[in-house]
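Data block below; observations after.
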């Protein structure tokens, strides 16, 4: 069965680097019901690529972001370039928002102060430009929440590839954020995450592949791509009590709203 799907977080350039041309990824994805893809920038060069990738297809809507990934050592000069690029593209209808940005204390715990400064910088830019943020947060749920709380009613966006618990999901939602589930939610041992997916408001749920990373079963361990998005949606079907068609329609609408810079529960 074909669904109507939007991959709200994908790295088509890295998929291509790992052997699958972008044109082939898009063709295969369309066959699985993927209608739109959000191509993510993680530094200046990848943000430039993301913009170019957004222009390559007439058959697939591709939007893009620009960001400064917290797990990478990105210089102040490069962050200046990223900010300028965001400002230059804020009127581009294919530009969605700022990210990945955030905190990663798993890979770079010794640079927490620097990460927090960059995080606040781009949250302030989001507030100024009124566009969403795409947040990477690893081993830093409390610190991420505390900083986002400073920007309540000022910034909004998504906790991408969410891996924390239900308590914090509800706290992030209260601040005005979507919660996005990747292939991890399909993993057999992801019980806490599955509880979160079953319990939070449907209006705040997005799904993503984060391809080429985190392939869901039955393709776990293989290179990921947007053709695996149906496995994530079907797991959400399994976990929730609403009718399948309502879940599919709601997640699709949420995803369109997010890509078009609208906060959850937008009226």
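Bear in mind these aren't lab numbers, they're just calculated from the coordinates by the rules spelled out. Note that the coordinates shown come from a computational prediction; the quantities given were computed from them, not determined experimentally. Every residue, glycine among them, receives a Cβ derived from its backbone with ideal geometry; neighbour counts consider all protein chains shown.
Dimensions of the stretch 156-215 based on its C-alpha atoms, expressed as ranges along the principal axes with the largest first, amount to 29, 22, 16 Å.
Sorting 154, 149 from the fewest to the most surrounding beta carbons within 10 angstrom yields 149, 154. Using Cα centres only, tell me the gap between the stretch 168-182 and the stretch 85-137 in whole Å. Computed from Cα coordinates, the inter-centre distance equals 17 Å. Could you work out which residue, out of 53, 205, 82, moves most in a Gaussian network model of the chain, that is, has the largest mean-square fluctuation with Cα springs under 10 Å? Checking each option, the largest mean-square fluctuation is seen for 53. Report summary: the helix-based calculation at 222 nm, which adds -39500 (n - 2.57) for every DSSP H run with n ≥ 4 and divides by the residues of the chain, gives -13000 deg cm²/dmol. Taking a point 7 Å out from the Cα of residue 238 in the direction of its Cβ, the residues of the stretch 154-189 whose backbone N falls within less than 15 Å of it are 182-189. Given the C-alpha centroids of the stretch 247-267 and the stretch 14-57, what is the distance between them in whole angstrom? When both Cα centres are located, 21 Å separates them.
Length available on full extension from residue 117 to residue 18: 0.36 nm per residue minus the Cα-Cα distance, which gives 32.4 nm. Pairwise inverse Cα distances across the stretch 145-267, averaged and inverted, put the Kirkwood hydrodynamic radius at 14.6 Å.
So for the stretch 60-150, considering every pair of alpha-carbon atoms, how many percent are separated by more than 14 Å?
62
Residue-normalised convex hull volume from the C-alpha trace of the stretch 200-267: 97 Å³ per residue. Calculated FRET efficiency, residue 152 to residue 58, Cβ-Cβ distance, R0 = 30 Å: about 0.15 to the nearest 0.05.
Taking only the alpha-carbon positions of the stretch 14-95 and ignoring solvent, what does the Debye formula give for the base-10 log of I(q)/I(0) at q = 0.19, 0.20, 0.22, 0.23 Å⁻¹? So the normalised log intensities are -0.85, -0.91, -1.03, -1.08.
In whole angstrom, the stretch 5-259 maps to an equivalent ellipsoid with semi-axes of 25, 22, 17, each derived as √(5λ) from the alpha carbon gyration tensor and ordered largest first.
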